1. Return the residues of region 2-12 that are farther than 13 Å from residue 72 by Cβ and touching a strand residue (DSSP E or B) at 6+ places or on another chain (Cβ under 9 Å); say none if nothing qualifies.
2. Any residue that is buried (at least 16 other Cβ atoms within 10 Å of the Cβ) and within 15 Å of the ligand (Cβ to nearest atom) - is there at least one of those in region 69-83?
3. Hey, can you tell me all the residues within region 31-48 that are in contact with a strand residue (DSSP E or B) (Cβ under 9 Å, 6 or more places away or on another chain) and either within 14 Å of the ligand (Cβ to nearest atom) or under 13 Å from residue 3 (Cα atoms) (or both)?
4. Can you name every residue in region 49-61 that is under 11 Å from the mean Cα position of the chain (by Cα) and away from the ligand (no atom under 16 Å from the Cβ)?
5. Please tell me if residue 2 is more than 11 Å from the chain's Cα centre (by Cα), near the ligand (Cβ under 10 Å from one of its atoms) and surrounded by 12 or more Cβ atoms within 10 Å (Cβ to Cβ).
Ligand SMILES: [Zn+2]
């Protein structure tokens, strides 16, 4: 059964080893990644069983994680703010 990660910034899901029913075991880096609009699936490379479903972060989650000192969230937030600033400038 797939493990669902509701907060992208939850530590460890990326490096945690997960055992598949087929006997394969590894971390998300070794799984088959499939991007969807709202989530990213990670599947077993041996049998294609979905092992991890990771929700994409909301802006609130990015802001919260950035405030908590998460470096990746801070980078994402900087990109979002840059895009918003460009958008505002384009309105003038
Ligand atoms: Zn498997």
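Values quoted throughout were computed directly from the atomic coordinates according to the rules given, and no laboratory measurement underlies them. Since we're looking at a predicted model, the values are computed, not measured. Glycine gets a Cβ as well: all are built from the backbone with ideal geometry, and neighbour counts include every protein chain shown.
1. 2, 3, 4, 5, 6
2. Scanning region 69-83, I find no residue that is buried (at least 16 other Cβ atoms within 10 Å of the Cβ) and within 15 Å of the ligand (Cβ to nearest atom), so the answer is no.
3. The answer is 31, 32, 39, 40, 41, 42, 43, 44, 45, 48.
4. Residues of region 49-61 that are under 11 Å from the mean Cα position of the chain (by Cα), as a first pass: 52-58.
Within region 49-61, 54, 55, 56, 57, 58 qualify.
5. When the stated conditions are applied, residue 2 does not pass them.
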